[in-house]
1. Could you tell me whether residue B:54 is surrounded by 11 or more Cβ atoms within 10 Å (Cβ to Cβ) and at pLDDT 95 or above?
2. If a residue must be more than 23 Å from residue B:28 (Cβ to Cβ) and in contact with a Gly (Cβ under 7 Å, 6 or more places away or on another chain), how many such residues does segment A:60-107 contain?
3. Out of A:140, A:73, I need the residue that is surrounded by 13 or more Cβ atoms within 10 Å (Cβ to Cβ), assigned to a helix (DSSP H, G or I) and basic (Lys, Arg). Which one?
4. Looking only at segment A:85-112, which residues are touching a residue at least 24 places away in the same chain (Cβ under 8 Å), in a loop (DSSP other than H, G, I, E, B) and buried (at least 16 other Cβ atoms within 10 Å of the Cβ)?
5. Return yes when residue B:89 is in contact (Cβ under 8 Å) with a residue 40 or more places away in the chain and assigned to a loop (DSSP other than H, G, I, E, B) and no when it is not.
6. Which is exposed (fewer than 12 other Cβ atoms within 10 Å of the Cβ) and more than 14 Å from every other protein chain (Cβ to nearest Cβ), of B:85, B:61, B:78?
7. Under 7 Å by Cβ, and 6 or more places apart or on different chains, what pairs join a residue from segment B:8-36 that is closer than 22 Å to residue B:93 by Cα with one that is of a type in the set (A, V, I, L, M) and surrounded by fewer than 16 Cβ atoms within 10 Å (Cβ to Cβ)?
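The values are calculated or read from the model by the stated rules, or taken from the named source; none is laboratory data. Since the structure is predicted, the reported quantities are computational estimates derived from the model, not experimental observations. Glycine gets a Cβ as well: all are built from the backbone with ideal geometry, and neighbour counts include every protein chain shown.
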Amino acid sequence: MASFTATSISMTSLSTPFKQPLVPSRISSPNSVSLSIRGRTFPSITLQPRVPRFQVTCAAKPETVQKVCDIVKKQLALSDESPVTGESKFSALGADSLDTVEIVMGLEEEFGISVEEESAQTITTVQEAADMIEDLLENKSA
Amino acid sequence: MAFSAYAAATRPSKAEVLSLFRSLLRTARQFPDYNIKAYTKRRTIDGFRHNQNLSDPSSIASALSDGKAQLEIARRQAIVHSLYAPSVRSIMETNSELTC
């Protein structure tokens, strides 16, 4: 019914044909709006570009990264003082491919998520693992 | 010569091996009994580590097919065990901090 040009928009139009209260279910900073109600198109309204109100963060939460580090350390039998950060690559820490699979399995169990076969093969660093976990948790709760 | 060409052509890929590893670990999780779950997991890890350094394609292929047969057995058993799942979970799986 309505078309918005810009980022993610979804609209639900109610089934009553005479009253048309359009209820937007989710809007994020539309740039221009054009409504068509009962076949009549209104002129498009162009909104002024506004600073987005919320920032989309790409990095995972520190607690998640910390939990991933702990699991990696346990799997590879590293001491607590060894430097495992978000940037550490599994191969640099001494993990071979079997270790990586075990680590991903451990992460699945810890966070209650399920990682796809292809995604699991692309994880090489702690940060990537944490980011993917966050994505999966978000998709699960959404 | 023909035989070695056949053997070389059937060398399993790393991805296939890792996929089998992952499938076995996932199947291990399906057992209701903690002991069997732990055993399956331990046995697959040990089995794959034991054969980690194989270089001959035919021995890799035979190890892989053994693994696949074991996977089928484990899958069937997981289903049967789930039909008769114990009502009480093992203490190792209850999420409590017990103080001795």
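1. No: the conditions fail for residue B:54.
2. 1
3. A:73
4. The answer is A:86, A:88, A:90.
5. Taking the combined requirement at face value, the residue satisfies it.
6. Only one candidate qualifies: B:85.
7. What qualifies is B:32/B:85; B:34/B:92.
The rows are residues; the columns are (1) away from every other protein chain (no Cβ under 14 Å); (2) modelled with pLDDT of 85 or more.
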site	(1), (2)
A:80	yes, no
A:86	yes, no
A:101	no, yes
A:105	no, yes
A:109	no, yes
A:112	no, yes
A:117	no, no
A:120	no, no
A:125	yes, yes
